[in-house]
Amino acid sequence: MFNAPLSLTTETAFELPNYLYESGAHNPWVVANLHGKDIHSFLEGPCFDAFGNLWVTDIPFGRIFRITPTGEWDLIVKYDGWPNGLKFHTDGRLIIADYRHGLLALDVDSRRVSPLVTHYISQRFQGVNDLTFAKNGDLYFTDQGQSGLHDPSGCVYRLKADGTLQQLLNNAPSPNGLVLSPDETFLFVAMTRDNAIWRVPLVEGGVSKVGKFIQLSGGTGPDGITGDDDGNLYVAHHGLGCLWQFDKRGEPKYRVDSSRGDWTTNVAINPQRPNELFITESQTGTILKATMPLY
């Protein structure tokens, strides 16, 4: 349907040090999601702070790390949860999409984790996955759980800046990463088990005319996504070992292949150098870097 995209390859930016390895044997998240494979980590949720540090989560072991620009790893907190996505609030708190507990907030100075939103109309979430902020402070997040094509019951929510919680979608087959369009009239959501990116028009009070924007194939499916000011989408394709750049029309422009494993799970743009992408590769516990052309 489209011309073949141009090809790039990542380099390794950071790698989890051996002394921070854990054992995944008998870990309940690993048993449920990775068939009990004994892993040392599962990194996701890359997010930059104002000082250029990169923050990542380690889902099965409830860990959040801060990585300095020179590559030093600092274990900020380890707690009884399964943290997935991360985003900084304008007040400095790090908001956590936690699969086990819902939305949490981390005070980065005290390193204390506290609940933010744990349920919708008295019902707990299935398994919160990722999140993104609008310019007005509204927070959009996905509730993936174990949903899929067999059970399209995943949800997408909007937590308004005034504290009102709205359910925007409740028929989603594995909603995962999400990002707003530059003008914030659309929400793009990665539907992992549908191997697709949905476009969700935002209207007064909810959504309308939701459609499939990009259809992928192979691997497990799209995981984390992000976008730039030009409307390009960057899609981490878990299981296929690559990241895609799609333009604002949904046409593939670049395929960026992993130089390590196949579990390319999430992506973040370096705010200090917007042509640099940092990608979590969860199979090897590495953070990959891709430098996109400036033209």
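Quick one: what pairs do we get from segment 200-216, first residue free of Cβ contacts under 8 Å to residues at least 24 places away in the same chain, second surrounded by 13 or more Cβ atoms within 10 Å (Cβ to Cβ) and of a type in the set (Phe, Trp, Tyr), C-beta under 6 Å, 6+ apart or different chains?
Pro201/Phe186; Lys212/Trp198
Give me the pairs, please: first residue somewhere in segment 13-25 and farther than 12 Å from Trp73 by Cα and in a loop (DSSP other than H, G, I, E, B), second residue anywhere and among the acidic types (Asp, Glu) and at pLDDT below 95, beta-carbon distance under 7 Å, and either six or more positions apart or on two chains.
Listed pairs, sorted by first residue: Ser23/Asp38; Gly24/Asp38; Ala25/Asp38.
Given the conditions (1) part of a loop (DSSP other than H, G, I, E, B); (2) on the phi < 0 side of the Ramachandran plot; (3) acidic (Asp, Glu), report the number of the one that Glu184 does not fulfil.
(2)
Only one of Gly137, Gly145, Gly163 is within 17 Å of the chain's Cα centre (by Cα) and at positive phi. Can you tell me which?
Gly145
Scan segment 17-40 for residues that are in contact with a Phe, Trp or Tyr (Cβ under 7 Å, 6 or more places away or on another chain), surrounded by 12 or more Cβ atoms within 10 Å (Cβ to Cβ) and of a type outside the set (Asp, Glu) and report the count. Show your work before the answer.
Restricting attention to segment 17-40, the residues satisfying the condition of being in contact with a Phe, Trp or Tyr (Cβ under 7 Å, 6 or more places away or on another chain) are 17, 20, 22, 29, 40.
Checking the rest, the ones that are also surrounded by 12 or more Cβ atoms within 10 Å (Cβ to Cβ) come to 20, 22, 29, 40.
In the following step, the residues that additionally are of a type outside the set (Asp, Glu) were identified as 20, 29, 40.
Final tally of qualifying residues: 3.
For segment 59-82, state whether one or more residues are small (Gly, Ala, Ser), buried (at least 17 other Cβ atoms within 10 Å of the Cβ) and assigned to a strand (DSSP E or B).
No.
If you take the residues of segment 205-259 that are basic (Lys, Arg) and either closer than 19 Å to Leu8 by Cβ or buried (at least 18 other Cβ atoms within 10 Å of the Cβ) (or both), which of them is farthest from the chain's Cα centre (by Cα)?
Here the answer is Lys253.
Tell me, yes or no, whether segment 77-93 has at least one residue that is in contact with an Asp or Glu (Cβ under 7 Å, 6 or more places away or on another chain), closer than 23 Å to Val179 by Cα and free of Cβ contacts under 8 Å to residues at least 24 places away in the same chain. Outline the logic, then answer.
First, the residues of segment 77-93 that are in contact with an Asp or Glu (Cβ under 7 Å, 6 or more places away or on another chain): 81-85, 88, 93.
Among the residues that remain, those that are also closer than 23 Å to Val179 by Cα are: 82-85, 88, 93.
Retained after the next criterion (residues that are free of Cβ contacts under 8 Å to residues at least 24 places away in the same chain): 93.
The answer is yes, given that some residue of segment 77-93 is in contact with an Asp or Glu (Cβ under 7 Å, 6 or more places away or on another chain), closer than 23 Å to Val179 by Cα and free of Cβ contacts under 8 Å to residues at least 24 places away in the same chain.
Taking the stated definitions as given, is Val256 farther than 19 Å from Val189 by Cα, out of contact with any His (no Cβ under 6 Å at 6 or more places or on another chain), touching a residue at least 12 places away in the same chain (Cβ under 8 Å) and not in a loop (DSSP other than H, G, I, E, B)?
Working: farther than 19 Å from Val189 by Cα: yes; out of contact with any His (no Cβ under 6 Å at 6 or more places or on another chain): yes; touching a residue at least 12 places away in the same chain (Cβ under 8 Å): yes; not in a loop (DSSP other than H, G, I, E, B): yes.
Here the answer is yes, as Val256 does meet what is asked.
The values are calculated or read from the model by the stated rules, or taken from the named source; none is laboratory data. Everything quoted here is computed from the prediction, not taken from an experiment. Please note: Cβ atoms are built from the backbone with ideal geometry, for glycine as well, and neighbour counts cover all protein chains shown.
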